[in-house]
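For reference, the structure is listed below as structure tokens.
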Amino acid sequence: MSATASDSIMETGTFVNCFLLVISLVIIPVNGGYDKERDALLKGTFPQDFIWSSATAAYQIEGAWNVSDKGPSVWDTLAHQGRVYNQDTGDVACDSYHKYPEDVALMKQMGLKYYRFSISWPRIFPTGEQQDGVNQDGVRYYNALINELIANDIQPMVTLFHWDLPQVLQDRYGGFLNNHTTNTTVIHDLFGDYARFCYQNFGDRVKYWITFNEPWITSWLGYGVGNFAPQHNEPAEGQYKAAHNIILSHAKAYHIYDDEFRAAQGGQVGITLNCDWGTPKTPADADAALRYVQFFLGWFAHPIYKNGDYPEVMKTTMARKAQEEGRTTSRLPEFTPEQKLSISGTGDFFGLNHYTTVEVTDACCTPIENPNYDTDKDVGTGHAPDWPRAASSWLYVVPWGIRNLLGFIKEEYGDPEIYVTENGRSDHDQDPAIMMDMERICYYMMYTNEVMKASNMDNVKVKAYTAWSLLDNFEWLSGYSERFGLHYVDFNDPTRTRYPKASSVFFKQLVRNNGYPEGSEFTKYVENMWYFCHNTTEAEVNGYTGGASQISSLFSLFLAIPMMIAYSLIA
Ligand code: PNW
């Protein structure tokens, strides 16, 4: 890192901040029970062509919500209704619509060769429909961003849908609730048209396309619970209808690429699914944990990556529920035989977003009066007492969970190429700002090491790792109160200056080393930090006597901060 960047860490972070952080880290156990074998540091490197990336999404960073002809999205609507924490909105966000060259410069500075960002559908087609007009300024913006990336030797990885549905499509057609059981659903064609337009205009330079980001969230939170946009509350069925349409829309966009663009453009198309790993609380909960993962990941992954249809356990569970509820048809819709054929195999890679793990217990089979997706699974979920938490209420730090999940995907879906398209940890927005973000460094250290175990020990074909996020940004209903960034953004500063956090220095070294090579200075630093990151208090409770102790980990921490600074100066 340049002296300028590390200077800004020093300015904004200040040593007072550091010491406060040190004290809080020592008092509060950090990263859970240490299991000597399971959690040992693996030394080695990722395969040579491994992709290191960072990610953002349009609504979370762009701002410029009504510039030129951009149409409103369902998130503009939700935020303008004051539904977000502190009444925050994405109106300006990180102002990346204007400041994208700075974002690219930050990636360049970190040595990143890939960038995952999303295109805002209503910025391209203001109503969502091409026939109503194209916003040429929007097209120019994405062309400029892509060109800036390529000029800096950074490959774009583009998500077509990261939740910002054009509001007009929600109003005209019910968005993803549109006619979910017929073959002529408008929303599939409209998504297909939008995808085609993006392939046409950007596909000469974009070789990685992600159709949907986390359809689980759009379906369940957007159309079931209704706390996320477009705020449709129908928890018995809304999520199943929306998911059905999203899967079919994805397949449509995949085939358009396959039929019309693949030969000339030679890129890849996949989808990004999120899943928390489900670990059984007791051996008797093993089936329940599996059912949890099938309802979560399998809901989308089974049709797309396996056989065009929902997982067996989901179909049988929902059929039994229909009977209990006195319904003639299942709340889980059915695909026609043709649809199954068109869905199956529509992923050139498997995009995975993963953050956390839950402990699952069996809760089968008590009929429930007002069923919803959560009760449909017949499971209970909780968290082990020694799992540390991030700022986001749902984010518990359980590094080994990602290795288990990657192994599950390998076994279940025929050993696909997996791109980890998001992984990361949030801090609270607090004063002074957390610039020496040791807990985020620990998170990246431990999780990437588990990904390396999956790759090098379990032979999972993990091809990419993407940090969420390049920047602090608009964290959906939490607004700007939760910060996931490798770079700090001051949302009270009209210029939205970006400041590198210590984790960006760490990540740069990780990328440069392509993992944890034996004998490197970086790996030695990691070794010093390892026991601290895993919280040795629990380690001793668990009988670990490998030499680490609370005192030595405290010592590592005092060593670690000056080392981080020294690193940033020489790097
Ligand atoms: C993902 N939850 O969303 C998204 O892809 C990002 O846009 C987001 O910023 C990031 O993870 C961090 O949250 C999630 O409530 C949003 O469990 C909410 C949840 C999980 C993931």
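The values are calculated or read from the model by the stated rules, or taken from the named source; none is laboratory data. The shown structure was predicted, so the numbers you read here are calculated from the model rather than taken from an experiment. Virtual Cβ from ideal backbone geometry, glycine too; neighbours counted across all protein chains shown. Ligands, DNA and RNA are stripped out before the accessible areas are found, and what is left, the full protein with its side chains, is counted by its heavy atoms. Shrake-Rupley method; radii C 1.70, N 1.55, O 1.52, S 1.80 Å.
What GluC sites (Glu not before Pro) in the stretch 420-505 are in a loop by DSSP, with at most 12 other Cβ atoms within 10 Å of the Cβ? Walk me through the intermediate numbers first.
Details: sites: 422, 439, 450, 475, 482; in loops: 475.
Passing sites in the stretch 420-505 do not exist.
Of the trypsin sites (Lys or Arg not before Pro) found in the stretch 346-443, none is in coil by DSSP with at most 12 other Cβ atoms within 10 Å of its Cβ. Applying the Karplus relation 6.51 cos²θ - 1.76 cosθ + 1.60 with θ = phi - 60° to the stretch 39-56 yields 3J(HN,Hα) values of 9, 4, 5, 8, 8, x, 10, 6, x, 4, 8, 4, 9, 9, 8, 9, 10, 8 Hz, where x marks Gly and Pro. Full extension of the chain between residue 49 and residue 171 yields a length gain of 39.4 nm, computed as 0.36 nm times the residue separation minus the alpha carbon distance.
Applying 1/(1 + (r/R0)^6) with r as the Cβ-Cβ distance of residue 319 and residue 259 and R0 = 30 angstrom yields a FRET efficiency of 0.30. Computed with a 1.4 Å probe over protein heavy atoms only, the accessible surface of the stretch 393-510 comes to 25 Å² per residue.
Given the rule -39500 (n - 2.57) for each run of at least 4 DSSP H residues, summed and divided by the residues of the chain, what is its mean residue ellipticity at 222 nm, to the nearest 500 deg cm²/dmol? Walk me through the numbers before you get to the answer.
On the way: 21 runs with 233 residues, N = 571.
That comes out to -12500 deg cm²/dmol.
The residues of the stretch 317-383 expose, per residue, 46 Å² of accessible area to a 1.4 Å probe. Element breakdown for the chain at a 1.4 angstrom probe: carbon and sulfur atoms account for 51% of the accessible area.
Residue separation of residue 102 and residue 150 scaled by 0.36 nm, minus their Cα-Cα distance, works out to 15.8 nm of gained length.
Pairs from the table (340/463; 113/463; 315/377) lying more than 18 angstrom apart at Cα are 340/463.
Net length available on complete extension from residue 374 to residue 136 is 81.4 nm, with 0.36 nm assigned per residue and the Cα-Cα distance removed. Remark on the chain: hydrodynamic radius 24.2 angstrom, per the Kirkwood mean of 1/r across alpha carbon pairs. For the stretch 404-478, averaging the sequence separation of C-alpha pairs within contact (under 8 Å, six or more residues apart) and dividing by the residue count gives a relative contact order of 48 percent.
Modelled label positions at residue 389 and residue 42, each set 7 Å beyond Cα in the direction of Cβ, lie 3.1 nm from each other. In the context of the full set of protein chains, the stretch 108-152 has a per residue accessible area of 35 Å² (1.4 Å probe). Using the Cβ-Cβ distance between residue 518 and residue 204 with R0 = 41 Å, the FRET efficiency computed as 1/(1 + (r/R0)^6) comes to roughly 0.50.
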